[in-house]
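Take a look at the structure set out below.
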Amino acid sequence: QVSANSCACEEHAVDLMAAMVVIDLASSASSDSDHELDADSNGSAAADASAKPEWAEGSRAAKRRRCEHVQAGRSSGAAGEPAVRALPSESDEAFARRLQLQEDALSHQRLAPAAAASFSSSSSDVARALGVSRFAQPLNLWRQRTLAHQSVDLEVPVASTAGSSSSASATHRGAVERLAKLPPNLLVETAPAVDVCGTPFEPLLFVRNVDRCRGRLIAGRVLDDFISQGRSPPMPRRRARGGIVAEWHRVKRSPTPWRTGVRALSDLAAELLAVLQADTALVLRCPALLHSRPWNDSEVLVTTPGCTLGRHTDAQPEGSLLFIFCAGLSCRSLAWPAGRLVERTLESGDVMIMDGKRTAHAISAVLGDTSPMPQCPWLGQRRLSVLVRQCPAP
């Protein structure tokens with residue numbers, strides 16, 4: 001009986017040492033797996049299923065080999081792990097399989113937070129340096145293999161391109177993304193909807209969703225222009241306004257009265273004007289569309305709910321078309337072509353075209369909670385309007 005008890009104690013000690021070996025091996029395997037993201041997972045799974053682990057053998061020789069591994073593993077720090085004992089009447093193979101599953105889970109829980117923090121920090125640094133992230137596909141694979149037993153929320157922006165991919169990414173994130181260049185022939189494939197409300201002498205047109213992305217591409221181009229010049233985009237508080245206006249508003253006798261230093265959206269204005277000029281019936285109703293001239297610098301205005309703009313006419317000389325591009329919050333716009341009141345709601349992506357000197361206009365309200373990008377820290381609760389005007393007639 002004493003001999004039997006000694007054997008039982010010896011087996012429990014061997015099992016305890018085997019548990020520590022498995023923990024050490026699981027830790028090594030988990031750290032090595034981070035460097036093998038591109039390996040064939042199906043082939044690896046088939047190989048693991050077909051290979052029978054050495055410690056699953058039931059012979060005493062296998063137990064002796066496990067003892068040797070345990071003695072070697074104690075120096076690596078595995079002795080601090082909790083002991084796991086075999087159940088009564090449980091075979092060595094069944095115990096080893098159960099132990100493997102438990103240790104795999106413990107290994108993931110122990111290593112995943114550190115790995116997630118390290119990966120998030122390094123990828124965020126690279127993303128800030130490049131402006132975009134190139135790690136979307138490796139990150140998904142890394143999540144599947146390393147974070148199978150733990151939920152970790154990592155936000156890595158996906159590299160955007162012009163057109164639909166930029167729109168899809170911005171829609172997913174609800175934020176404005178910097179856009180260095182508008183998609184080519186943005187208005188050629190599908191002509192925008194145009195609402196003509198003016199007279200031949202005082203044109204007034206409303207174009208709906210001109211960028212096909214509800215103002216995201218418009219805002220992205222303006223944001224890129226600011227960043228390229230080392231400027232911060234205007235971000236006024238509620239009931240306040242900000243922006244970049246022509247020099248004339250500060251220095252009436254400036255030699256460059258219409259200069260602002262911003263050229264954003266002049267290319268889109270030229271493309272939109274060309275599309276409108278191709279419509280013969282529209283040109284007959286608005287002859288001013290035939291005037292093709294260079295463009296002044298753009299004025300950028302950012303307003304918030306609570307801001308209004310009284311009835312007025314612009315300081316620029318008459319005879320020049322003004323294109324007002326909108327993004328962010330909607331607003332209630334008023335205009336008086338030939339003295340007749342026209343009221344419209346300008347939404348994000350819309351454009352208003354008129355002669356700002358001849359036609360009086362105003363903003364009666366900026367409508368809160370109407371932005372198509374509510375999570376955007378810049379335009380989620382602000383309205384962006386970009387004024388692109390033709391140069392005066394020579």
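Please give the length that would be gained between GLU189 and PHE201 if that part of the chain were fully extended, namely 0.36 nm times their separation in residues minus their C-alpha to C-alpha distance (nm, one decimal).
Extending this stretch completely gives an extra 1.3 nm.
Taking only protein heavy atoms and a 1.4 Å probe, what accessible area per residue, in Å², does segment 326-394 have with all protein chains in place?
Values: 2300 Å² over 69 residues.
Per residue, segment 326-394 has 33 Å² of solvent-accessible surface.
For HIS361, HIS291, write out the residues from largest to smallest accessible area, computed with a 1.4 angstrom probe and no ligands counted.
I get HIS291, HIS361, largest accessible area first.
From the P(r) of segment 305-394, could you give the percentage of C-alpha pairs in the tail past 15 Å?
60 percent
The values are calculated or read from the model by the stated rules, or taken from the named source; none is laboratory data. Computed from a predicted structure; not experimentally measured. The area values use the complete protein model at the heavy-atom level, side chains included, leaving out ligands, DNA and RNA. Shrake-Rupley method; radii C 1.70, N 1.55, O 1.52, S 1.80 Å.
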